[in-house]
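The block underneath contains the structure these notes are about, expressed in structure tokens.
Read-outs throughout are calculated quantities, based only on the coordinates presented, and are distinct from any laboratory measurement. Since this is a predicted model, take the numbers as computed values, not measurements. So basically every Cβ, Gly included, is an ideal-geometry build from the backbone, and we count neighbours across all protein chains shown.
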Ligand code: 5CA
């Protein structure tokens, strides 16, 4: 992408309405634009990051055996009346009437609808286990939307729903999502800790929140220090194997959010030098709720003994849009965003320090063409802005690698490459540069 033809509306001033660093940086770097309280338009750079996060989540859901669908944002209220949630959900739910006076709502979550889909088609235990997921916009009319995309009203969520014949099966499905979540967040370049959690309006008696540690997080957390350094299962993890040992290794160590924290147990189970009391951002939550929806909605299957039983369910959410903010909270410096490579909007930036100079233009064009041909996402700053402004913008938007091309270096046959994260600089020839990044 040539910057001269791109749409990258960066702001010079720090927006005064933003209270936390990720919100400030998202506005300054031109990732989002607020359209109403808690409702944002995604600008090109932000949309690229959102899609990268969504794709990592998709790959890990598929790897764990979940199957992708797409449910609508608008739902009929009838389903929610069947489960009793229409009244229970309260003013957070946006209720709408169509021209025929039929009641609709903008979905805050999809347990009710996915259970309706399930019961329409699945009749036998032989079709289980089943896990259906989608990534779709949700609406929750939060009293206090704040911190930009972190607590929005409209936000993008990946939500998965598992269906099993019995509790043991449901536990296996829960464990698969638990491990898939660890993998997905690690691939995004962030460390998350699963913590025991309250179930709230989703219901059920087993739940974990996945928390990214950050000072600006809304949750207070208490956990065992060893959880911070536990290795995460690799790509070769077998989702058909028993995952209980991986889950148990973690759940045996104390980790809880303030909602369910018990101070006495924390002190009894965690030695003083291992106690972490910090703040964090919840980027995902998983729930086992058993028959909470299948009983009222009569979602039953015929078991091996010929009897009909309500299915055992769980639901599993990831805040895809919240993650954009959470990753920035976890990865930035004074100059701006420092994207982890897997979610960066572009892999490499090329900075032309003297646009219009024949040799500099030629070198930049060659790098840009060859890296693009090699399948890299390259942002080429071909504008005639002054070098200082170019450096500041590239640091602000956080592309992991910068290739700086100017007439002085080219006289010696070199360009400068800079790693955004460490600031480390190196001088390389044109050929070496292309070689390094073309793989
Ligand atoms: N139905 C369940 C699981 S699918 C559910 O709705 N879970 S949730 O309420 O915990 O939401 C899942 C994730 O969505 C949260 O972990 C959080 O990362 C994200 N999320 C929730 N509310 C908001 C919000 N107002 N703004 C941005 N992200 C949110």
For the ranges 107-117, 233-243, 405-415, what's the packing order if you count other beta-carbon atoms within 10 Å of each residue, average per peptide, and put the highest first? 107-117, 405-415, 233-243
List, largest first, the extents of the alpha carbons of the stretch 235-378 along their principal axes, each in whole Å. 78, 50, 30
Principal axis lengths of the stretch 161-230 from Cα atoms, whole Å, largest first? 41, 27, 20
DSSP bridge orientation in the chain - percent antiparallel, rounded to nearest 5: 85 percent
What angle, in degrees between 0 and 90 and rounded to the nearest 10, separates the Cα long axis of helix 387-397 from the longest principal axis of the Cα atoms of the chain? 10 degrees
Square roots of 5 times each gyration tensor eigenvalue, C-alpha, the stretch 346-438, largest first, Å: 16, 16, 13
Say we join alpha carbon atoms closer than 10 Å with springs in a Gaussian network model of the chain; which of 166, 377, 273 then has the biggest fluctuation? 273
Sticking with the crude label model, points 7 Å out along Cα→Cβ, report the distance from residue 258 to residue 225 in nm, one decimal please. 2.4 nm
Computed, not fitted: 222 nm per-residue ellipticity of the chain from DSSP H runs ≥ 4 (each -39500 (n - 2.57)), nearest 500, equal to -9500 deg cm²/dmol
How many nm separate the modelled label positions at residue 438 and residue 19, each set 7 Å beyond the Cα in the direction of the Cβ? 5.1 nm
Out of every Cα-Cα pair in the stretch 3-337, what percent are more than 29 Å apart? 41 percent
Listed residues 246, 281, 399, most fluctuating in the chain (Gaussian network, C-alpha, under 10 Å): 246
Work out the FRET efficiency for residue 144 and residue 279 from their Cβ-Cβ distance, taking R0 = 22 Å, and round it to the nearest 0.05. 0.80
Reduced to Cα centres, the span from the stretch 84-134 to the stretch 17-58 in Å works out to 28 Å
Report the relative contact order of the stretch 1-133, percent, no decimals, based on alpha-carbon pairs under 8 angstrom and at least 6 residues apart. 17 percent
Residue 385/residue 37 FRET efficiency (R0 30 Å; Cβ-Cβ; nearest 0.05): 0.30
Distance (nanometres) between label positions extended 7 Å along Cα→Cβ at residue 68 and residue 5: 2.8 nm
Relative to the present Cα-Cα distance, how much length would full extension add between residue 235 and residue 374 at 0.36 nm per residue of separation? 47.6 nm
Contact order relative to length of the chain, as percent, for alpha carbon pairs under 8 angstrom and 6 or more apart: 17 percent
A student applying the Cα gyration tensor rule (rounded when a/c is under 1.5; otherwise prolate if a/b is larger than b/c, oblate if not) would label the stretch 178-288 rounded
What is the stretch 1-91 by shape, rounded, prolate or oblate, if you read a ≥ b ≥ c off the alpha carbon gyration tensor as root eigenvalues and call it rounded for a/c under 1.5, prolate for a/b larger than b/c, and oblate otherwise? oblate
What is the angle, in °, between the Cα long axis of helix 358-373 and the longest principal axis of the Cα atoms in the chain? Nearest 10 is fine, range 0 to 90. 30 degrees
At R0 = 35 Å, FRET efficiency that the Cβ-Cβ distance of residue 251 and residue 89 yields, to 0.05: 0.75
Once the Cα atoms of helix 44-63 and of the chain are each reduced to a long axis, what angle between those two axes, in degrees from 0 to 90 to the nearest 10, is obtained? 50 degrees
How would you rank 145-157, 36-48, 417-429, highest first, on the average number of other Cβ atoms within 10 Å across their residues? 145-157, 36-48, 417-429
Give me the percent relative contact order of the stretch 346-438, please, defined on Cα pairs under 8 angstrom at least 6 residues apart. 33 percent
If I build a Gaussian network model for the chain, linking alpha-carbon pairs within less than 10 angstrom, which residue out of 297, 230, 71 has the largest mean-square fluctuation? 230
